[in-house]
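The values are calculated or read from the model by the stated rules, or taken from the named source; none is laboratory data. Predicted model only: the values in this text are computed from it and were never measured. Cβ: placed from backbone, ideal geometry, glycine included. Neighbour counts: every protein chain shown. We work out accessible area using only protein heavy atoms, side chains counted, and drop any ligands, DNA or RNA first. Shrake-Rupley method; radii C 1.70, N 1.55, O 1.52, S 1.80 Å.
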Amino acid sequence: MIRLLIAALVAFIVSIAIGPRFIVFLRQNEFGQHIREEGPRHHFAKQGTPTMGGLLILFAATIAFLPVSHLRLQALTVMFATLACGAIGFLDDFIKLTHRRSLGLSGRWKLALLAGVTVVVGLVAYHLKLSTSVYVPIVDVWVPLWWFWYPFLFLVIGGAANGTNLADGIDGLAAGTAIIALFTFMAMNVVSYVRSSPNPAHRNLTTLDLAIVGAALIGAAVGFLWFNAFPAEVIMGDTGSMAFGGALATFAIMMKVELLLLLIGGIFVIEALSVMIQVFSFKRFGRRVFLMTPIHHHFEMKAWSETKITVRFWIVAGLFCAAGFALYYRYYFAQR
């Protein structure tokens with residue numbers, strides 16, 4: 001368990017230590033955020049804020065994870081998906097910066113690259129002989145998907161990456177909610193590790209390694225949040241938000257808790273649903289359900305401060321994650 005503390009502390013220290021110089025580097029090279037014209041007007045004050053801060057998170061987490069990990073395949077797959085989705089986000093951010101616009105990588109290319117990440121994760125899952133059934137807690141049934149489980153993985157990874165991306169709209173929102181979700185997955189793996197055997201020498205090192213990944217990402221994200229808190233000195237960009245989505249999705253896949261991601265990533269689900277509802281309502285009925293989407297912008301338009309929105313979303317995320325952890329403890333352990 002000391003490995004978890006080391007991973008979290010090293011990631012936090014690295015993130016805090018190099019953060020100021022990294023921000024200066026971004027500012028000197030004019031790697032600044034471009035604000036969408038259709039967004040809230042007061043967001044134009046954020047124009048030029050250094051972006052691609054997700055690179056700081058990924059660097060700190062990787063440096064902290066590798067030396068203390070047992071390099072189990074499941075944990076390496078989570079780290080791969082995190083870095084791969086982060087790379088897709090980086091490409092999106094880089095196109096925005098070089099073309100000096102708020103639109104980056106096309107949706108078609110994003111989906112194609114996310115499909116590539118899914119193929120790798122699917123091959124690992126096949127190698128590990130993970131069940132192609134999905135467990136539904138509460139009703140306590142396993143739903144067999146057979147080969148349809150592999151396309152289902154694309155929905156999980158693509159949905160999570162895009163959901164976290166949509167939440168990255170105000171200072172500290174995406175980072176804080178991701179930390180809460182990652183902490184939940186880490187706690188699940190810690191409990192699984194402790195309960196795997198009464199003898200510490202015989203405990204499941206795979207669950208420990210997964211917990212170490214979570215600890216490293218949490219430490220790096222907390223260090224980043226130090227600079228991302230309102231008013232933000234740096235923005236994570238798609239580099240960070242998509243990386244978080246890849247991490248959360250692959251945690252759920254490797255742990256076989258795919259449906260619990262709907263709760264653990266509840267805020268991201270709400271953000272994505274708000275956009276889908278808004279688009280459907282406007283195209284079908286010519287009306288908008290929300291003042292602006294994603295939904296955090298709706299509350300901004302209702303004159304909520306960014307800090308109030310962020311903290312309240314953190315609270316809701318905590319409640320969702322508590323429910324997810326309770327269901328995991330109650331139903332998933334009952335299967336073992």
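Listed values, structure above:
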item: Spin-label pair residue 229/residue 66, simplified geometry with 7 Å Cα→Cβ offset, distance in nm; result: 3.1
item: Principal axis box of the range 199-336, alpha-carbon based, largest edge first, Å; result: 60, 37, 24
item: The range 134-201 and the range 254-285: distance between their alpha carbon centers, rounded to Å; result: 14
item: Residue order for 298, 127 - accessible surface, 1.4 angstrom probe, largest first; result: 127, 298
item: Sequence-separation-based contact order of the chain, relative, with Cα cut under 8 Å and 6+ spacing, percent; result: 28
item: Projected area averaged over orientations for the range 131-185, convex hull of C-alpha atoms, nm²; result: 4.8
item: 193, 329, 150, ranked by accessible area, largest first (probe 1.4 Å); result: 329, 150, 193
item: Cα long-axis angle, helix 54-68 against the chain (0 to 90 degrees, to the nearest 10); result: 20
item: Fraction of accessible area attributable to carbon and sulfur, the chain (%, probe 1.4 Å); result: 68
item: On Cα atoms only, tilt of 107-127 relative to the major axis of the chain in degrees; result: 10
item: Pairwise FRET efficiency - residue 276 versus residue 139, Cβ, R0 = 25 Å, nearest 0.05; result: 0.50
item: Relative pair counts by distance (%), Cα atoms of the range 99-203, 5 Å bins; result: 2, 9, 12, 14, 20, 18, 12, 7, 3, 2, 1, 0
item: Computed [θ] at 222 nm, deg cm²/dmol, the chain (DSSP H ≥ 4; -39,500 (n - 2.57); rounded to nearest 500); result: -23000 deg cm²/dmol
item: FRET E, pair residue 285, residue 262, Förster distance 35 Å, beta-carbon r, rounded to 0.05; result: 0.85
item: Within-11-Å neighbourhood charge of residue 229 [Cβ basis; K, R +1; D, E -1]; result: -3
item: In degrees, nearest ten, helix 237-254 long axis to first principal axis of the chain (Cα); result: 20
item: Å² of accessible area per residue within the range 156-310, as computed with a 1.4 Å probe and no ligands counted; result: 35
item: Virtual spin-label span in nm between residue 307 and residue 123, 7 Å along Cα→Cβ; result: 5.0
item: Average silhouette area of the range 151-267, convex hull of alpha-carbon atoms, in square nanometres; result: 7.2
